[in-house]
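Engineer: Before anything else, here's the structure in question.
Laboratory data are not the source of any read-out in this text; all were calculated from the coordinates shown. Note that the structure is a prediction, hence the values are computed from the model and not measured. For neighbour counting, all protein chains shown are included, and Cβ atoms are generated from backbone atoms with ideal geometry for every residue, glycine included.
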Amino acid sequence: MRSLIDILDLTVDEIETLIDTANDIIDNPAKYSEKCRGKKLATLFFEPSTRTRLSFEAAMYELGGNVLGFSEAQSSSAAKGESVADTAKTISCYADIIAMRHPKEGAPYVASLNASIPVINAGDGGHNHPTQTLTDLLTIRREKGKISDLTVGFCGDLKFGRTVHSLITALSRYNNIKIVLISPEELKLPSYVKKDVLDKNGIEYTETTSLEEAIPTLDILYMTRVQRERFFNEEDYLRLKDSYILEPSKLAHAKSDLCIMHPLPRVNEISVSIDNDPRACYFKQVLYGKYARMALILMLLEEAKK
Amino acid sequence: MNIDSINNGIVIDHITAGRGMRLYELLGLDKADCSIAIIKNAASGKLGKKDIIKIDADISIDFDVIGYVDPGITVNIIKGGILTEKKTIEMPERLTNVIKCKNPRCITSVEQELDHVFKLTDRNECVYRCIYCETKAK
């Protein structure tokens, strides 16, 4: 049974097909409004995530399907001590496809080994979040018309940000991608990502602590949140949280077709005064997330039939 | 030093000097009730020094453990005093319940019944990663 646990479970060609499907859904929504009639998506969210869960639910409803599930572990049988494997086997009797978020890394993979229906990893701790990466790739393709010959800047928490690691990994399979890593010393991209992904794939990259210096070279700026829960002490968090705030003045020397992305939610790392700038793409990115998930649900349900 | 030759059993040879005891423990030989000899720092033309384990019984051993601890080790199977099989053990593609994932955020840290499975992701660098959380084995 085909599932999606890691973005690398998809080939570049399959990602292209998903992006094409998502684009077709955007252009012809009526064509897809009954595609999942009679099908059920189970959203198994063992930790809260309003955005991702609602995106999956909206995606399934727009395909004409139905949704069942829970949004926190306390309201599931996990609170009684049921294993992920047993939950997956049980839900396979009720639904046609599963979207699972779990605080423990690898839990959706365990589910996929035991379910008889496709499982989509909707985030497992700090590990993988492939539908966010699919969303990011769709956004890049729609905004830039291609996923190649681009200089992509990543700014903020590059140490713990799983969306950053995952998108860098996905981009390493495309041609002529240059990466600019913008972060304070404490939050630099881990060396294993540099070695295992960037160096291994011959991706050109530079590291800098200055957002202002980097901005003029960028085609895409991927901002991230400096998360309070990643720090052992409050002092470090408070010292670093405001390090990389994108304000209108910093965009003075940016390209006119820069694409500013953010996985959201933001705290204050992008000033709200940028929201109306045509280069701000982060709310469009949220919308594209729904279409990327629609395309993925369709693909996995189609493959499950075979 | 002389250790009697064995009639039916297994000789694990060409163990990198110093790794014999670790292999002995990982293979669970401390629980076996047959005669077992661990020879440390034996002279070796190939390695200079080597460890050897001689097991005087035809017991079942996990070759994956051997390949993980010290790839390149030779295993000799002896039956009726004759060498019947000699094989060099390479790094296995997968390791099941040989080592445990140390990542406290891994699903294996809370679900006790799950097998601890590692896969070989880089043969040149001898890197094994947990199949669930991808944490590198130490």
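Engineer: Can you find, among A:Pro265, A:Phe283, B:Met21, the residue farthest towards the positive end of the dipole of the protein assembly as shown? Put +1 on the C-beta of Lys and Arg, -1 on that of Asp and Glu.
Structural biologist: About the Cα centre, the residue reaching furthest to the positive side is B:Met21.
Engineer: Okay, moving on. What's the longest bit of chain A with no exposed chymotrypsin sites (Phe, Trp or Tyr not before Pro), using DSSP loop states and at most 13 other Cβ atoms within 10 Å as the test?
Structural biologist: Counting only loop sites that pass the neighbour cut-off, the longest clear stretch is A:95-231.
Engineer: Residue farthest toward the positive end of the dipole of chain A, with Cβ of Lys/Arg at +1 and Asp/Glu at -1: which of A:Pro103, A:Leu211, A:Ser172?
Structural biologist: It is A:Pro103.
Engineer: Looking at the stretch A:1-39, which trypsin sites (Lys or Arg not before Pro) are DSSP coil and have at most 12 other C-beta atoms within 10 Å of their C-beta?
Structural biologist: For trypsin sites (Lys or Arg not before Pro) across the stretch A:1-39 that sit outside H, G, I, E and B with at most 12 neighbouring Cβ atoms in 10 Å, the list reads A:Arg37.
Engineer: Which trypsin sites (Lys or Arg not before Pro) does the stretch B:1-110 hold that lie in a coil by DSSP with at most 14 other beta carbons within 10 Å?
Structural biologist: Of the trypsin sites (Lys or Arg not before Pro), the ones in loops of the stretch B:1-110 whose Cβ has at most 14 other Cβ atoms within 10 Å are B:Lys46, B:Lys100, B:Lys102.
Engineer: Any idea what angle helix A:12-27 forms with the longest principal axis of chain A, computed on alpha-carbon atoms, 0 to 90 degrees, nearest 10?
Structural biologist: 80
Engineer: Something else: Could you tell me whether the stretch A:198-262 comes out rounded, prolate or oblate from its Cα gyration tensor? Rule is a ≥ b ≥ c as square roots of the eigenvalues, rounded for a/c under 1.5, then prolate if a/b exceeds b/c, otherwise oblate.
Structural biologist: oblate
Engineer: Sticking with this structure for a sec: Report the one residue of B:Asn76, B:Ile52, B:Leu95 whose Cα lies farthest in the direction of the positive end of the charge dipole of the stretch B:37-136 (charges on C-beta: Lys and Arg +1, Asp and Glu -1; origin at the Cα centre).
Structural biologist: Toward the positive end, the furthest listed residue is B:Ile52.
Engineer: Go through the stretch A:90-164 and name the trypsin sites (Lys or Arg not before Pro) that are in a DSSP coil and have 14 or fewer other Cβ atoms within 10 Å of their Cβ.
Structural biologist: Working: sites: A:Arg101, A:Lys104, A:Arg141, A:Arg142, A:Lys144, A:Lys146, A:Lys159, A:Arg162; in loops: A:Lys104, A:Lys146, A:Lys159.
Loop-located and lightly packed - A:Lys146.
Engineer: Sum -39500 (n - 2.57) across every DSSP H segment of at least 4 residues in the protein assembly as shown, then divide by the residue count to get the 222 nm mean residue ellipticity, nearest 500.
Structural biologist: The helix-only estimate for the protein assembly as shown comes to -8000 deg cm²/dmol at 222 nm.
Engineer: Per-residue Cβ counts within 10 Å, from other chains only, averaged over A:84-90: what number is that? List each step's numbers first, then the result.
Structural biologist: Numbers: counts 4, 4, 0, 0, 0, 0, 0.
Average per residue, whole number: 1.
Engineer: Skipping prolines and chain starts, which residues have an amide H placed within reach, meaning under 5 Å, of the one on A:Ile120, given they are 5 or more residues away or on another chain?
Structural biologist: A:Leu4, A:Ile98, A:Ala99, A:Met100
Engineer: So which of A:Lys104/A:Lys188; B:Lys100/B:Lys138; A:Lys39/A:Lys306; B:Lys31/B:Lys87; A:Lys200/B:Lys136; A:Lys250/A:Lys290 end up more than 19 Å apart, counting from Cα to Cα?
Structural biologist: A:Lys104/A:Lys188; B:Lys31/B:Lys87; A:Lys250/A:Lys290, as the Cα separations exceed 19 Å there.
Engineer: Something else now. As an exercise, take the mean of 1/r over every pair of distinct alpha carbons in the protein assembly as shown, invert it, and state the Kirkwood radius in angstroms.
Structural biologist: 24.8
Engineer: Please give me the summed charge of the neighbours of A:Met294: other residues whose Cβ is under 11 Å from its Cβ, Lys and Arg +1, Asp and Glu -1. Don't skip to the end; give the middle numbers.
Structural biologist: Working: positive: A:Lys35, A:Lys290, A:Arg293; negative: A:Asp24, A:Glu62.
Local net charge: +1.
Engineer: Next question. Assign unit charges at the C-beta atoms only (+1 for Lys and Arg, -1 for Asp and Glu), then state the dipole size of chain B relative to its Cα centre in Debye, rounded to the nearest 20.
Structural biologist: 540
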